[in-house]
Amino acid sequence: MSFEDDTRNVSLDFGSNVDSRPLAERLRPSTITEYVGQQHLLGTGKPLAGLIDRQTLSSMILWGPPGTGKTTLAKLLANNAEVNWIGISAVLAGVKDVREAVAQAEIEKLAGRQTVLFVDEVHRFNKAQQDAFLPHVESGAITFIGATTENPSFEVNSALLSRARVFVLKPLTKEDLSLVIDRAQDELEVVVSDTARVILLDVADGDARRMLNVLEMAAQLADGELTDEAVQAAFGERIRRFDKGGDQFYDQISALHKSVRGSAPDAALYWFCRMLDGGADPRYIGRRLIRIATEDIGNADPRALTLTMSAVESFERLGSPEGELGLAQAVLYMASVPKSDSAYRAFNTAMALVKETDSYEVPMHIRNAPTSLMKGLGHGEGYRHAHGEQTTEGGYAVGETYFPEALGEQTFYEPTEQGLEAKIQARLARLRALDTKDGVQDE
């Protein structure tokens, strides 16, 4: 008899029949039919349904937010395929653990059994650790299943990624979570009131484990009926899903940026507040707002950059939470004013041309000539000082050129008709018309 058997018998001798496992573990499904959610993967004709029907398994990565059933799904797929299961956590395991798991898998292979090596939090493994089991995946000694909350495109080696199909798990819907509540109240022998159910579904935020932890704690405070007061006392202040530096972080900053670009001030403010609420550094958001002011508004309203710079400075002076209002003001202003990415496009086009062409000499007439020697060499000779020229547009040297002769005239900046840039566009058009009239740009 094993030590574990002795321990179990001792607990029974004391008459304890209370299951001390967390509620989420006690409710873990034992069959595919009990599994809740992810019908986009498990429904009829969906990607994993075929594997289940054939009772087969292939290497895969399950990517999704916490509490969406990644580990449970992996175990159920392994059980359905009747294969040997070895599970390790990348948080605790190292290369030695991987080698031991592979050695065990080799023994199982000799006996004609397939082995699944499940790696939880696989994104925590570094390149060397991931490389340790790559050859064994290739040889078929193990079938690899990884679970991760992080984007595998960035966190999993490309060689391993190419040998494993990625399945994306979605946050559980409120309908899915409501089924979980039904099972939980049977397990705990409590009745969840309608108002408590609404709060539980709300606080879950798509995460079944979070919801069950709150429900279990609330049940300890309840007396037969689980009320909204018990749930409120159990979870305290709600924490939304947010991962600093992870996919949700970049998805939300992308949503903020695109809402500003799309002139949707209410949506922009919402994503700004979501990021603050989730713990994003306001300084980081401020830096991104400065970028948005130049990339998406530009000369359509140059005040956007000035206002945003002032908002960032005000946050540095005031700190949080007072300084966050200035950033919110900048978000609303930028989302409300005319937009132009002409400066952004002009800069990128000019940089691309510079990188692709030769290092042309500066034309002699616009070279600097601070000394008599340089003047004697012809620097600045023939230069026309724009302020001294008289045209209908004021000081403008009609027909003057400023590009290298070998490169010829180029057009990078094409102002839009938005905001102040409309006036810029009109003036540049009039200047070019003067040049054309003078014959300089005639073809």
**Request:** Would you be able to say whether some residue in region 123-142 is assigned to a helix (DSSP H, G or I) and within 21 Å of Gln248 (Cβ to Cβ)?
**Result:** yes
**Message:** For region 19-34, give me each residue that is within 12 Å of Asn79 (Cβ to Cβ) and of a type in the set (Gly, Ala, Ser).
**Reply:** Ser30
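Given the options Glu216, Glu175, name the one that is within 28 Å of the chain's Cα centre (by Cα) and assigned to a helix (DSSP H, G or I).
Numbers: Glu216 fails: within 28 Å of the chain's Cα centre (by Cα).
The unique qualifying residue is Glu175.
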**Asked** assigned to a helix (DSSP H, G or I), touching a helix residue (DSSP H, G or I) at 6+ places or on another chain (Cβ under 8 Å) and of a type in the set (Phe, Trp, Tyr): does that describe Phe167?
**Response** no
**Request:** Select from region 379-422 the residues that are over 16 Å from Ala346 (Cβ atoms) and among the polar types (S, T, N, Q) and list them in ascending order.
**Result:** Gln390, Thr391, Thr392, Thr401
**Message:** Against the condition crowded, with 21+ Cβ neighbours inside 10 Å, without any contact (Cβ under 8 Å) to a residue 40 or more places away in the chain and of a type outside the set (Gly, Ala, Ser), how does Val91 come out, does it pass?
**Reply:** no
**Item:** Selection within region 394-421 - in contact (Cβ under 8 Å) with a residue 40 or more places away in the chain, surrounded by 14 or more Cβ atoms within 10 Å (Cβ to Cβ) and of a type outside the set (Val, Ile, Thr)
**Value:** Gly399, Pro404, Phe412, Tyr413, Pro415, Gln418, Gly419, Leu420, Glu421
**Message:** Which count do you get for residues in region 353-369 that are exposed (fewer than 15 other Cβ atoms within 10 Å of the Cβ) and either of a type in the set (Lys, Arg) or free of Cβ contacts under 8 Å to residues at least 40 places away in the same chain (or both)?
**Reply:** 5
**Fill in**
The helices (runs of 4 or more DSSP H) lying wholly within region 1-85 that contain at least 1 residues that are assigned by TED's automatic domain parsing to the domain that holds Val119 and at pLDDT below 90 are 47-54
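The values are calculated or read from the model by the stated rules, or taken from the named source; none is laboratory data. Remember, predicted model here, so these are calculated numbers, not experimental data. Positions of Cβ are backbone-derived with ideal geometry, glycine not excepted, and every protein chain shown enters the neighbour counts.
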